[in-house]
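The values are calculated or read from the model by the stated rules, or taken from the named source; none is laboratory data. Computed from a prediction, not measured in an experiment: that's the story for all the values here. Backbone-built Cβ (ideal geometry, glycine too); neighbour counts: all protein chains shown. Note: accessible area is taken over every heavy atom of the protein model, side chains too, but ligands, DNA and RNA are not part of it. Shrake-Rupley method; radii C 1.70, N 1.55, O 1.52, S 1.80 Å.
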Amino acid sequence: MVLFSEVVSDGVDSILDFSIQKGSAAGIVTSREVESEVIARLLLGFLAPLEGTVSVNGIQPYLLNDKDLSEFRKKIGVIYSDGGFISNLNVWDNLTLQLSYDGSLKKAEIVERGMKSLETVGYKGSLYVLPSRLSIFERRQIAFARALLMQPILMIYQSTLEGLSRSEQSQLSSLALAYHRQGGGRTSLFLTSYQDSLKGIQADLIYNTGGAIQS
Amino acid sequence: MVINRIYLIDRSESEPMVSYLGRSALAAYITIADLIALFTTVFRGLIDTIVHGRRSVVQVCMRQVFFTGNEAFKVVFVISIAVGIAIISQMSNVTDAGRGSLIGKVFVWVVIREIAPLITALVVIARSGSAIAIELGQMKLKGEIEYLETLGIQGEQYLLMPRVLGVGVALFILNVYFNLIAVSSGLLVSWLGWQIPLSHIKQGIISVLTLRELLISSSKSLLFGFVIAALGCNAGLRVGDSITQIPQAGTKSVIHSLVIVFILDVLVSFTFIF
């Protein structure tokens, strides 16, 4: 469960107070993009709230030590609006970076999983170009493929469905929903400052940082 | 008149000497404390990489060895030939081309022990130290270090350890090349230009080239490499929110590296003398 209990933080104008049940898909509509960023950073333990509590499955990320925080973050998939890549690594290296750093899989297994993941998201471009050469949609496809490799229990989509054509938006929404429905108590959190972008995701709950909640 | 006015303004606004010295001492202390903390992180990262077999970290390390070593090789090649020829020419003139064994000894004392580690370090400071600072500064500014950490990758381990080790190893290899090329070119020129028998110079080199001399040269190059990379990383990671801090980080890394490398050179030389 994701819990924001009377959270006050820099960059967010209002008090954040909501909870998202395990296994549900929720949309968080923010008044501006920086609020989405702050919420994601609070969930990932990059920021501690000034007041209140943030927890994911009972864990308050900002209280963890470096090692535990790294382990905690491996269970969360984040699709940043720009993809969230290392600019001097090519697409393939960015995709497999987490697996190859983890060191638990053999190279052949990493290749197999990486290719399967790319197939799932429908990426057909080159694997050896730098991320700067990719379109916004392709970046998000690769970011999604990278997240899939770790099978996270919580997926955070940070403005992922914004700035895309209708067909691209529907393709990414379908992917997100398909992953969410695979079960295992997966929770999906769509952070956006444009409520219209949430139309295709059939959210169980939409929370507006201004205070309104729609179920 | 204008110059006088500017001079007067500068004098009136300059801080007192005691304050300046105190600030400089504090800055030096922070840099050294950061360096020690950074080396501790590097050491912990090395153990973790070995234990977990982290392939991506090894890849970054190999890439760093390649970029620092391979791409600096051309510059080091040219400089080492020039240094070899210059030292032999000077020594041949001083000794009137008569004492081949002395030339050989001076070659070991001057080139292998002092000049080779220092010049290769200078090349690497100019090329790689500033490049590391700028690269990490840009990564920090673009939020890429946070992206790495989002993936559960400890930024310090993935970014610092491979760079520090990579530059150390590359500098060690460059130092070996420098010595080999400088000695070979020196021998060749002394034989062709002054007809000094190669056997005389060789004898002089062999008589003083002990394991200790090689150890001094190697330990200097390794140490310089670690410090140059660590200072580059430190300067890069201190970049804040402004793009203008990136070139400043590059400059800072070069200046700090120059000062510390020369101080370390003296310290290592003294350590081995006593």
Q. Hey, any hits in the range A:170-181 for a residue that's within 20 Å of A:Glu37 (Cα to Cα) and without any contact (Cβ under 8 Å) to a residue 24 or more places away in the chain?
A. no
Q) Give me the pairs: first residue in the range B:185-209 and closer than 11 Å to B:Ser89 by Cβ, second residue part of a loop (DSSP other than H, G, I, E, B), beta-carbon distance under 9 Å, and six or more apart or on different chains, which are they? A) B:Ser190/B:Ala97; B:Ser190/B:Ile196; B:Gly193/B:Ala97; B:Trp194/B:Ala97
Q: Could you name every one of the helices (runs of 4 or more DSSP H) located completely within the range B:116-217 that has at least 3 residues being open to solvent by 60 Å² or more (accessible area, probe 1.4 Å), closer than 30 Å to A:Lys74 by Cα and modelled with pLDDT of 90 or more?
A: B:130-141
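Is it the case that some residue within the range B:59-67 is closer than 25 Å to A:Ile86 by Cα and over 20 Å from the mean Cα position of the chain (by Cα)? Lay out the reasoning, then the answer.
Of the residues in the range B:59-67, the ones closer than 25 Å to A:Ile86 by Cα are B:59-67.
From what's left, over 20 Å from the mean Cα position of the chain (by Cα): B:59.
Yes, the conditions are met somewhere in the range B:59-67.
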Q: Inspect all residues belonging to the range A:163-178 and state whether any of them is under 26 Å from A:Ser55 (Cα atoms) and over 14 Å from the mean Cα position of the chain (by Cα).
A: yes
Q. All but one of (1) β-branched (Val, Ile, Thr); (2) open to solvent by less than 10 Å² (accessible area, probe 1.4 Å); (3) part of a helix (DSSP H, G or I) hold for B:Val239; which doesn't?
A. (3)
**Q.** Total residues in the range A:103-143, condition without any contact (Cβ under 8 Å) to a residue 24 or more places away in the chain, in a helix (DSSP H, G or I) and open to solvent by 20 Å² or more (accessible area, probe 1.4 Å)
**A.** 10
**Q.** Among (1) under 15 Å from the mean Cα position of the chain (by Cα); (2) hydrophobic (A, V, I, L, M, F, W, C); (3) closer than 30 Å to A:Leu89 by Cβ, the one test that B:Val176 misses
**A.** (3)
Q: Mind listing whichever residues of the range A:49-61 are touching a strand residue (DSSP E or B) at 6+ places or on another chain (Cβ under 8 Å), among the aliphatic types (A, V, I, L, M) and closer than 22 Å to B:Gln154 by Cβ?
A: A:Val54, A:Val56
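Can you pull out every residue in the range B:137-169 that is acidic (Asp, Glu) and free of Cβ contacts under 8 Å to residues at least 24 places away in the same chain?
First, pick out the residues of the range B:137-169 that are acidic (Asp, Glu): B:144, B:146, B:149, B:156.
B:Glu144, B:Glu146, B:Glu149 - these are the residues of the range B:137-169 that are acidic (Asp, Glu) and free of Cβ contacts under 8 Å to residues at least 24 places away in the same chain.
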Q) So how many residues does the range A:146-190 have that are at pLDDT 90 or above and on the phi > 0 side of the Ramachandran plot? A) 2
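May I ask you to verify whether B:Asp96 is open to solvent by 60 Å² or more (accessible area, probe 1.4 Å), modelled with pLDDT under 90 and either within 14 Å of chain A (Cβ to nearest Cβ) or over 30 Å from B:Leu160 (Cβ atoms) (or both)? Break it down stepwise before answering.
Working: open to solvent by 60 Å² or more (accessible area, probe 1.4 Å): yes; modelled with pLDDT under 90: yes; either within 14 Å of chain A (Cβ to nearest Cβ) or over 30 Å from B:Leu160 (Cβ atoms) (or both): yes.
Considered against the rule, which asks whether it is open to solvent by 60 Å² or more (accessible area, probe 1.4 Å), modelled with pLDDT under 90 and either within 14 Å of chain A (Cβ to nearest Cβ) or over 30 Å from B:Leu160 (Cβ atoms) (or both), B:Asp96 comes out as yes.
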Q) Quick one: would you say A:Glu6 is in contact with a strand residue (DSSP E or B) (Cβ under 8 Å, 6 or more places away or on another chain), surrounded by fewer than 17 Cβ atoms within 10 Å (Cβ to Cβ) and touching a residue at least 12 places away in the same chain (Cβ under 8 Å)? A) yes
